[in-house]
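Engineer: This is the structure I want to talk about, given as structure tokens.
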Amino acid sequence: MNKLLVLWQSVLRGISRWMGSFCRHRMPTLVEIIDEARREWQEALREFHLVDSEMVDYVIFKINTAERRFIALLIQARRRGVTAWPPDLPGPVRTTG
């Protein structure tokens, strides 16, 4: 019976380790997703200058898709109230002159 208990504890430790490594992967935040979409859009724009004439239609489609995804994510962020700066920043600086 003692060997069975030791075996069971060993199995549980293994499952616990596996679940721990599985749970460490976190979901990206909306800001991170937006940043990735912006990079994909910029990459598609750079790719346009490097393709053959046979691939122009594909790259234009890729640019349009990346741009629309980026804009849709920005709209989603605006609806959620996500901003690119902390909310406790002071208001605009006024210059005298």
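The values are calculated or read from the model by the stated rules, or taken from the named source; none is laboratory data. All of these numbers come straight from a predicted model, not from anything done at the bench. Cβ coordinates were reconstructed from backbone atoms using ideal geometry, including for glycine residues, and neighbour counts include every protein chain displayed.
Engineer: Would you confirm whether or not the range 28-45 contains a residue that is at positive phi and either surrounded by 10 or more Cβ atoms within 10 Å (Cβ to Cβ) or at pLDDT 75 or above (or both)?
Structural biologist: Within the range 28-45 (the criterion being at positive phi and either surrounded by 10 or more Cβ atoms within 10 Å (Cβ to Cβ) or at pLDDT 75 or above (or both)), the answer is no, since none of the residues qualifies.
Conditions tested, residue by residue: (1) more than 20 Å from Glu32 (Cα to Cα); (2) modelled with pLDDT under 95; (3) outside any helix (DSSP H, G or I).
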position: Glu54; (1), (2), (3): yes, yes, no
position: Asn64; (1), (2), (3): yes, no, no
position: Arg68; (1), (2), (3): no, no, no
position: Arg78; (1), (2), (3): no, yes, no
position: Asp88; (1), (2), (3): yes, yes, yes
position: Pro92; (1), (2), (3): yes, yes, yes
position: Gly97; (1), (2), (3): yes, yes, yes
